[in-house]
Amino acid sequence: METIWFALVALMLVGYVVLDGFDLGAGALHLFAARTDGERRLILQSIGPVWDGNEVWLLAAGGTLFYAFPLLYASSFSGFYLALNIVLWLLVFRAIGIEFRMHLAHPMWCAFFDGAFAISSMLLIVFFGAALGNVLRGVSLGADHYFFAALWTDFRPGSNPGILDWYTILCALLALAALSMHGALYLILKTEGGLNARLRAWVKGLWPAQVALSATALAATLLVRPHLLDNYKNAPVAWTLPLLVVGGLAGIVHFTRNGRERNAFLASSVYLVATLGGAAVALYPALLPSSADPANSITIYNAAAGASSLSIGLIWWGIGMAIAVGYSVVVYTLFKGKVQAGTGYH
């Protein structure tokens, strides 16, 4: 049961990154790819019907984590208290930037809300990328499985690291490149004209950075925690995930050059799924490793709820996810196709 819930939590987090990742990426490009008020409206129209539904997956993943692994939820929320508060405020300002922009027809307020949307989107990506880096690197868990992480210490991984160091910053930069690419490919699917052409140029520029950062982050991960390869050595089938990462990167550039927009976006999705899936395989059965003493690590075994709770919860989780997936399918079907100025959301 513990392994099943580990896979379900990982699946929900991957779903969140793939779905909300493209509208976070769209926000990161909002001030740079769009040059006119009309083009910025098009970007908002492209994500308008779906962005808040995408964020539900983050809430659902948090709720699932609380239900299945309450110790991890308690430990991480206390240890990352400062970072989580920053993330909360960024989510608030991002929503304000999206929703309030169209209600005040004044250039100053439009510029303010554009900035709130773009900056909060970029910083959210950075913090989410750093969060993944912290999980892979490990945190200074004590014997009681609790910790507190300062925002930074000496910027070096070690037995008592901060949230930000050179490794987690590298992970954050990779996340920023990957989700900006993901957002650009989604916007290419939804737009036409000059904005579409400009986004294609962004894809060409982001792709080499994404490849270089992916390779560098992999090497850095193996340097910081070499034992993360143990599960790959024990289960050779897991090596298909790194191959899918390479295939996703190749598919992005191939399909973009051939004008196959949907396939390029799907290739980016494959890259994200394989990257995060590979991280989950490397960590299993750990949920949050200890950087000081491996014996203090939080695992699926010492953090899981009772067996009966996990069994019963699986039924209700299935019902809830069926409703959520059905809603997402309906919304994406209703709002498929290119957006046009003056129509759709806003």
Among (1) within 20 Å of the chain's Cα centre (by Cα); (2) surrounded by fewer than 16 Cβ atoms within 10 Å (Cβ to Cβ) - the single one residue 150 does not satisfy: (1)
Can residue 333 be described as modelled with pLDDT under 90 and out of contact with any Leu (no Cβ under 8 Å at 6 or more places or on another chain)? no
Quick one: count up the residues across segment 213-256 that are aromatic (Phe, Trp, Tyr) and closer than 23 Å to residue 293 by Cα. 1
Do we have residue 40 as of a type in the set (D, E, K, R), crowded, with 21+ Cβ neighbours inside 10 Å and either touching a helix residue (DSSP H, G or I) at 6+ places or on another chain (Cβ under 8 Å) or in contact (Cβ under 8 Å) with a residue 40 or more places away in the chain (or both) here? yes
Which of (1) surrounded by 16 or more Cβ atoms within 10 Å (Cβ to Cβ); (2) under 23 Å from the mean Cα position of the chain (by Cα); (3) over 30 Å from residue 198 (Cβ atoms) is the odd one out, the single condition residue 323 does not satisfy? (1)
Of all residues in segment 77-89, which are surrounded by fewer than 16 Cβ atoms within 10 Å (Cβ to Cβ), touching a residue at least 24 places away in the same chain (Cβ under 8 Å) and of a type outside the set (A, V, I, L, M, F, W, C)? 78, 81
Name the single residue that is farthest from residue 224 (Cα to Cα) among those in segment 266-275 being of a type in the set (A, V, I, L, M, F, W, C) and crowded, with 21+ Cβ neighbours inside 10 Å. 267
Taking residue 155, is it at positive phi, more than 12 Å from the chain's Cα centre (by Cα) and not basic (Lys, Arg)? yes
Mind checking whether some residue in segment 123-138 is more than 23 Å from residue 19 (Cα to Cα) and not in a helix (DSSP H, G or I)? yes
Considering segment 43-76 alone, what residues qualify as being buried (at least 18 other Cβ atoms within 10 Å of the Cβ) and among the β-branched types (Val, Ile, Thr)? 43, 47, 50, 64
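Okay, residues lined up against (1) touching a Lys or Arg at 6+ places or on another chain (Cβ under 9 Å); (2) of a type in the set (Lys, Arg); (3) closer than 23 Å to residue 49 by Cα:
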| position | (1), (2), (3) |
| --- | --- |
| 229 | no, no, no |
| 236 | no, no, no |
| 291 | yes, no, no |
| 297 | no, no, no |
| 305 | no, no, no |
| 316 | no, no, no |
| 323 | no, no, yes |
| 330 | no, no, yes |
| 337 | yes, no, yes |
Entirely in segment 223-315, the helices (runs of 4 or more DSSP H) that have 3 or more residues that are over 18 Å from the mean Cα position of the chain (by Cα) and either within 28 Å of residue 166 (Cβ to Cβ) or free of Cβ contacts under 8 Å to residues at least 12 places away in the same chain (or both): 230-234, 240-257
Show me the helices (runs of 4 or more DSSP H) found entirely inside segment 1-110 where at least 3 residues are at pLDDT 90 or above and over 29 Å from residue 162 (Cβ atoms). 2-33, 37-47, 51-68
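The values are calculated or read from the model by the stated rules, or taken from the named source; none is laboratory data. Everything quoted here is computed from the prediction, not taken from an experiment. Neighbour counts run over all protein chains shown; Cβ positions are idealised from the backbone, glycine included.
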